[in-house]
Amino acid sequence: MSIETISLSGRKKEVSNKKMTFLESLYLVAIAKGLWITLGHLFTRKVTIKYPEQTRELSPVYRGQHMLMRDEEGRERCTACGLCALSCPAEAITMKSEERKPEEKHLYREEKYASIYEINMLRCIFCGLCEEACPKQAIYLTKSRVMVKSNTNREDFIYGKEKLVMPLDMAIRNTQMQTAN
Amino acid sequence: MDQAIIIEKGIFIVVIFAITMLFAMYETLAERKIAAWFQDRIGPNRAGPGGILQPLADGLKLFSKEEFFPNTENRFLFIAGPAISMTTALMTSAVIPWGDKLSIFGRDVVLQATDINIGMLYVFGVLSVGVYGIMIGGWASNNKFSLMGAMRASSQMISYEVAMGLAIVSLVMMTESLSLGEIAAGQHSWRWNVLYQPVGFLIFLVCSFAETNRTPFDLAECEAELIGGYHTEYSSMKMGFYLFAEYASMFISSTILAILYFGAYNYPGMDWVESVIGSNGANIIGIIVLFAKICFFIFFYMWVRWTIPRFRYDQLMKLGWKMLIPLAIANIIVTGIIILLADQNL
Ligand code: SF4
Ligand code: SF4
């Protein structure tokens, strides 16, 4: 088979520039055919999802809102190593590290922790690379269906620790479940 | 008696005006809904149940937009453009017979603002003035894209008017009258003109699309090449007037199609209905039938719009001058021969 006749998509068609007959040049037949096709579409099932009332089915590997995890004793796992920020293709993560004081041992698992940890939700593309990069299993993308709320203020899209860290009661529940097993 | 007729006509004109406006308003919604359905979508459904208040919301939005004037010396013409478009779109409805006679309180009320004996010529006259609205608007905008849009619109309208007129000639040869009232009355029961003049009807249909600047002949405002065509520079309610005029003229031209070729208010079996429920009842059904036909043509306009891509300019001109006009002339000749033969046989 020569390269000219090959058709990868199987839909190759020769362009024909033959002169139209008078009947064809009135376009009536072609138009009637077209009208028939569109009429069929009038009665097909509509694909629209009426968003606030209906929500789209999520895929099994759906990645939603991030969460900074706590360990089984309720301490924050993040050690502010910065690997997530480094791996982030959208450069959405910034943080500031701090040394843990002796009296803060029950709050942070490692000797260094993130005093500020921010993700810019306008930049984040929910790729999940931060989750993959984290050596401490401290950041996860949850299956939360809550989308980032629209706003007119850019500052409100920068989510700080107060929005990202796992709530304490959730950590307590997790630990209880684990010990029960 | 004279006073009564003035009041009667006055009320009638107001009613027709209101109906035309209502139709134009809801055509905008219908257009969006039908476009959506053809594209497997749902369409606007948030304003009121099923989107029924959408036209009001659109109108409110247009009103609240900034009144923009381009840097032009022709401020008067700039305002006159949409006004002329609107006026001409509404003027045609004066000669349209909306139904047969109704007798109310013992008076025969003719459902036609005025049945002038050259109704058809009047319609054509007004239609050709319609191009001035677009031309003046495009000219006064002081914008080359607007001007090009206006030029296209006017050359297209003028070329298609010829074929349209010729299509009508063969119809008039058959009906032997220029009065729309008589043409409507002549199509009693099922004797619709489309059965006798199918080719004429097709030509007229195609030309109506061109006259109303609808797809596939919407070269005057093709967004891809001319931004918005003749109304690029218009904003707020002046823009609204242009859009409204387009929809109003779509309604009117659907009406004219229904009246000239699709039997106006006549429907099969109307004599039987009249003998059962009286002439008033039969005539009211006739009015409903007419509006059903109008709605069908409006739907057809939209159906075509979402089916056929826009013609290229040379295709448009070729279709107008090289196809439709010869076809219309041939139609006249054939009609003439048939009428002659029919006369000899009698
Ligand atoms: S999900 Fe991707 S884009 Fe978002 S913060 Fe993590 S690494 Fe960055
Ligand atoms: S979340 Fe993980 S990767 Fe990011 S700074 Fe904390 S420990 Fe390091």
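The values are calculated or read from the model by the stated rules, or taken from the named source; none is laboratory data. None of the values given here were measured: they were computed from a predicted structure. Here the Cβ is made from the backbone with ideal geometry for all residues, glycine too, and neighbour counts use every protein chain on show. All accessible areas refer to the heavy atoms of the entire protein, side chains included, with ligands and DNA or RNA removed. Shrake-Rupley method; radii C 1.70, N 1.55, O 1.52, S 1.80 Å.
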Restricting to aspartates and glutamates and to Cα separations under 15 Å from A:K96, and discarding same-chain partners fewer than 8 apart, the set is A:E76, A:E110, A:E111, A:E118, A:E162
Taking segment B:209-264, the whole-percent share of alpha-carbon pairs separated by over 14 angstrom is 62
note: segment B:121-195, Cα-Cα separations exceeding 21 Å make up a percent value of 44
If the convex hull is drawn through the Cα atoms of segment A:1-90, its volume per residue in Å³ = 337
With the dipole of the protein assembly as shown defined by +1 on each Lys or Arg Cβ and -1 on each Asp or Glu Cβ, the option from A:C88, B:S128, B:N331 whose Cα lies farthest towards the positive pole is A:C88
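In segment B:100-194, which chymotrypsin sites (Phe, Trp or Tyr not before Pro) are in a loop and have at most 11 other Cβ atoms within 10 Å, using DSSP for the loop call?
Loop-located and lightly packed - B:F105.
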What is the Cα coordinate range of segment B:44-151 on the first, second and third principal axes, sorted by size from largest, in whole angstrom?
-> 59, 43, 20
Just how far, in whole angstrom, is segment A:154-178 from segment B:149-207 if you go by their alpha carbon centroids?
-> 73
Could you please state, rounded to a whole Å, how far the C-alpha centre of segment A:109-147 is from the C-alpha centre of segment B:69-87?
-> 59
For segment A:1-43 versus segment B:299-346, the gap between their alpha-carbon centres in whole angstrom = 24
Ignoring ligands, DNA and RNA, how much accessible area is buried between chains B and A, both sides summed, with a 1.4 Å probe, to the nearest 100 Å²?
-> 1800
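Based on the alpha-carbon gyration tensor of segment B:131-172, what equivalent-ellipsoid semi-axes (square roots of 5 times the eigenvalues) come out, in whole Å, largest first?
28, 8, 4
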Degrees separating the helix B:2-38 axis from the principal Cα axis of chain B, which is the longest one = 60
Using every alpha carbon pair in segment A:94-157, what percent of pairs falls into each 5 Å bin from 0 up to the bin containing the largest distance?
-> 3, 13, 18, 22, 17, 14, 9, 3, 0
Counting only heavy atoms of the protein chains, get the accessible area per residue of chain A (1.4 Å probe) and round it to a whole Å² value.
-> 75
Within segment A:96-181, DSSP-loop trypsin sites (Lys or Arg not before Pro) with at most 10 other C-beta atoms within 10 Å are A:K149
Where is the GNM fluctuation largest for chain B (alpha-carbon springs, 10 angstrom cutoff): B:G165, B:G133, B:G181?
-> B:G165
Of all the accessible heavy-atom surface of the protein assembly as shown, with the other protein chains kept in place and a 1.4 Å probe, what percent is carbon and sulfur?
-> 64
Report, by chain and number, residues whose modeled amide H sits under 5 Å from the one on A:S97, excluding near sequence neighbours (fewer than 5 apart, same chain).
-> A:S115
Residue by residue through segment B:49-58, which ³J(HN,Hα) values in whole Hz follow from phi under the Karplus form 6.51 cos²θ - 1.76 cosθ + 1.60 (θ = phi - 60°), with glycine and proline marked x?
-> x, x, x, 5, 9, 4, x, 5, 4, 4
Cα-based Rg and Dmax for segment B:1-58, in Å, come out at 17.1, 57
Determine the relative contact order of chain A: mean sequence separation of Cα pairs under 8 Å and six or more apart, normalised by residue count, in whole percent.
-> 24
The ³J(HN,Hα) series, computed from each phi in segment B:271-277 with the Karplus coefficients 6.51, -1.76 and 1.60 at θ = phi - 60°, rounded to the nearest Hz and given as x for glycine or proline, is 5, 5, 4, 5, 6, 8, 10
Between Rg and the Kirkwood Rh of segment B:274-341, both from Cα atoms, what is the Rg to Rh ratio?
-> 1.23
Return the single residue from A:M95, A:M20, A:M67 with maximal mean-square fluctuation; model: Gaussian network over chain A, springs between Cα atoms under 10 Å.
-> A:M20
Ranked by GNM mean-square fluctuation in chain A (Cα springs under 10 Å), the top entry among A:N120, A:N153, A:N17 is A:N17
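Give, to the nearest whole percent, the P(r) tail of segment B:181-335 beyond 22 angstrom, counting all Cα pairs.
52
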Computed over chain B: longest principal axis from alpha-carbon atoms vs helix B:236-260 long axis, angle to nearest 10 degrees, is 20
Run a plain Debye calculation on segment A:38-181 (Cα atoms as equal point scatterers, no solvent) and give log10 I(q)/I(0) at q = 0.13, 0.16 Å⁻¹, rounded to two decimals, same order as the q list.
-> -0.67, -0.93
Taking the Cα atoms of chain B, report the difference between the largest and smallest coordinate on each principal axis, in whole Å and largest first.
-> 65, 48, 47
In Å, what is the Rg of the alpha-carbon atoms in segment B:108-238, and how long is Dmax?
-> 17.8, 54
Which residues of segment A:31-50 show a drop of at least 30 Å² in accessible area when all protein chains are present, compared with their chain alone (probe radius 1.4 Å, heavy atoms only, ligands and nucleic acids excluded)?
-> A:I31, A:L35, A:T38, A:L39, A:H41, A:L42, A:K46, A:T48, A:K50
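Compute for segment A:42-89: radius of gyration divided by Kirkwood radius, i.e. Rg/Rh, restricted to C-alpha atoms, rounded to two decimals.
1.26
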With charges set only on the Cβ (+1 for Lys and Arg, -1 for Asp and Glu), what does the dipole of segment A:23-181 come to about its Cα centre, in debye to the nearest 20?
-> 560
Rounded to the angstrom and largest first, Cα extents along the principal axes for the protein assembly as shown equal 116, 75, 59
Would you mind estimating how fast segment B:221-313 diffuses translationally, via Stokes-Einstein at 25 °C and 0.890 mPa s with the Kirkwood radius over Cα pairs, in µm²/s?
-> 154
Collect residues whose amide H, placed 1.01 Å from N in the peptide plane, falls under 5 Å from the amide H of A:Y108; neighbours closer than 5 in sequence don't count.
-> A:E76
Pairs A:K105/A:K161; B:K293/B:K318; A:K33/B:K322: which are spaced more than 28 Å apart, C-alpha to C-alpha?
-> B:K293/B:K318
